[in-house]
Ligand code: SAH
């Protein structure tokens, strides 16, 4: 195969046989240790990737500082990345049209899952929220193409950028503030599964709401009943979905600002016959211990902690943390109760997670029947050749 003229104008990066076989298996990352030559390639460049013999493997985005040195964007030769970005945005939107329902808040672009590594875009009704995670996506012409394509296709009231300062530091990018990129509206009301949430695009954790749990809210609400406890509730996603089915709901988080918004959301959605949700600001580990000691009992418990395993090395400690939480919850569930338990750490596989749960159940002298083993909402697509795109586990189990 001869490289096309377009490809030959790009800087070339040669990868090791291990890097080449990774790309051939459908993965899109090559680590720095598998790069053989990078002569004078500028940070964030579009590069032509070849194997050791010079055989073209595709076109990638290069980072001069990340351990993930290149992220493939195409198996073909590409000369105009902004043009490719526009096509990929169109494809991402077409996919959402097929899989997204009952909401005006969902992820429009999920990085590797949409063949746009380093780019995340969420839609919150009429506001779009952009996160840029790599040198290549931060380039001016790329940003311009992104904004103009999103505007032409979706006509949002505004577009905000959410900046994670740590990511910019890791990518050796100059510091930048979160803020509006276009328009001036930054708060809106989103609807998911018939429930409304206030959303401020410039405050809150991550991009502000946990869109990845959206389908798990409605799936678990179908089994929720009796007295419910929502642990790590943030702005009340699970608790609000349970209000129509449960007789009492207590929801716990350590973040006061999150609970204040949760309370506003609850007032906003509450129907006459629904219980008032009790919001508790506490450390969930301490609270579970205290509630267990006080012999509190529940029919439905949700556990949705932050990621315990940020790296592979944290795996054992993380599994111990998950086990402690799940053990306490299991002890507090009445027979016939529902446990909804989640992990958003990629490093914990569904198998690890189920094994941990089985062991917690054994120690708690309870048995668990798996009702549903779920993952992230479909607008966060899992690309099977890139296992890292599958990160969320949500188990719904029946406890006796
Ligand atoms: N269930 C939520 C998302 C939870 S994210 C939803 O569906 O929207 C994890 C939450 O855990 C965050 O809101 C964070 O404030 C909270 N958190 C982190 N550590 C905590 C701790 N030790 N005790 C209680 N809450 C904690």
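We did not get these values from a lab; they are worked out from the coordinates using the rules stated. Computed from a predicted model, the values in this text were never measured in an experiment. Here the Cβ is made from the backbone with ideal geometry for all residues, glycine too, and neighbour counts use every protein chain on show.
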Under a GNM of the chain (C-alpha, springs under 10 Å), which listed residue has the highest mean-square fluctuation: 215, 169, 112? 169
Would you kindly work out the equivalent ellipsoid of the range 313-368 from its C-alpha gyration tensor and give its semi-axes, the square roots of five times the eigenvalues, largest first in whole Å? 20, 11, 9
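Pairs of alpha-carbon atoms within less than 8 angstrom and 6+ residues apart define the contacts here; what relative contact order does the chain have, in percent?
Details: 837 pairs, mean separation 45.6, N = 400.
Relative contact order here is 11 percent.
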Anyone know which of 26, 44, 375 comes out most mobile in the 10 Å Cα GNM of the chain? 26
At R0 = 22 Å, FRET efficiency that the Cβ-Cβ distance of residue 267 and residue 225 yields, to 0.05: 0.40
Give me the distance in nm between label points sitting 7 Å out from Cα along the Cα-to-Cβ direction at residue 310 and residue 80, one decimal. 4.1
Using the Kirkwood radius over Cα pairs of the range 67-205, the Stokes-Einstein translational diffusion coefficient at 37 °C and 0.692 mPa s, in µm²/s and rounded to a whole number, is 209
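Working from the pairwise distances between different alpha carbons, so that the mean of 1/r is found and then inverted, what is the range 75-147's Kirkwood radius in Å? Spell out each step's value before the answer.
On the way: mean 1/r = 0.0781 Å⁻¹.
So the Kirkwood estimate lands at 12.8 Å.
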If you stretched the chain out fully between residue 281 and residue 324, how much longer would it get, using 0.36 nm times the residue separation minus the C-alpha to C-alpha distance? 13.5 nm
The range 272-334, relative contact order in percent, only Cα pairs under 8 angstrom and at least six apart counted: 47
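Over the range 186-255, what is the mean sequence separation of C-alpha contacts under 8 Å (at least six apart), divided by residue count, expressed as relative contact order in percent? Working shown, then result.
Numbers: 92 pairs, mean separation 17.1, N = 70.
Relative contact order of the range 186-255: 24 percent.
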Extension gain, residue 248 back to residue 157 (0.36 nm per residue minus Cα-Cα distance, nm): 28.9 nm
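Grab the DSSP H runs of the chain that are 4 residues or longer, score each as -39,500 (n - 2.57), total them, divide by all residues and round the 222 nm result to the nearest 500 deg cm²/dmol. Display every interim value, and only then the final one.
Values: 12 runs with 126 residues, N = 400.
Rounded to the nearest 500, the figure is -9500 deg cm²/dmol.
Determine Rg/Rh for the chain; Rg is computed over alpha-carbon atoms and Rh is the Kirkwood hydrodynamic estimate from the same atoms.
Numbers: Rg = 22.9 Å, Rh = 22.7 Å.
For the chain, the value is 1.01.
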Considering only C-alpha atoms, what is the centroid distance from the range 100-148 to the range 340-400, in Å? 27
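Roughly what percent of Cα-Cα pairs across the range 228-286 reach past 17 Å? Mind dumping the intermediate values first?
Working: 463 of 1711 pairs.
Value for the range 228-286 (Cα pairs over 17 Å): 27 percent.
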Taking the range 1-120 as the region of interest, what is the percent of Cα-Cα pairs per 5 angstrom bin, listed from the shortest bin to the one with the maximum distance? 2, 11, 22, 22, 18, 11, 7, 5, 2, 1, 0
Tell me, what is the FRET efficiency for residue 372 and residue 39 to the nearest 0.05, using R0 = 45 angstrom and their Cβ-Cβ distance as r? 0.30
On each of the three principal axes the extent of the alpha-carbon atoms of the range 293-400, given in whole Å and largest first, is 44, 28, 19
Within the range 223-254, whose backbone N sits under 12 Å from a point 7 Å along Cα→Cβ of residue 290? 253
What span do the alpha-carbon atoms of the range 346-400 cover on each of the three principal axes, reported in whole Å from largest to smallest? 38, 19, 11
Roughly how large, in nm² to one decimal, is the mean projection of the convex hull of the alpha-carbon atoms in the range 37-95? 4.8
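Given the range 114-270, report the % of alpha carbon pairs whose separation exceeds 23 Å.
Numbers: 5435 of 12246 pairs.
More than 23 Å apart: 44 percent of the Cα pairs in the range 114-270.
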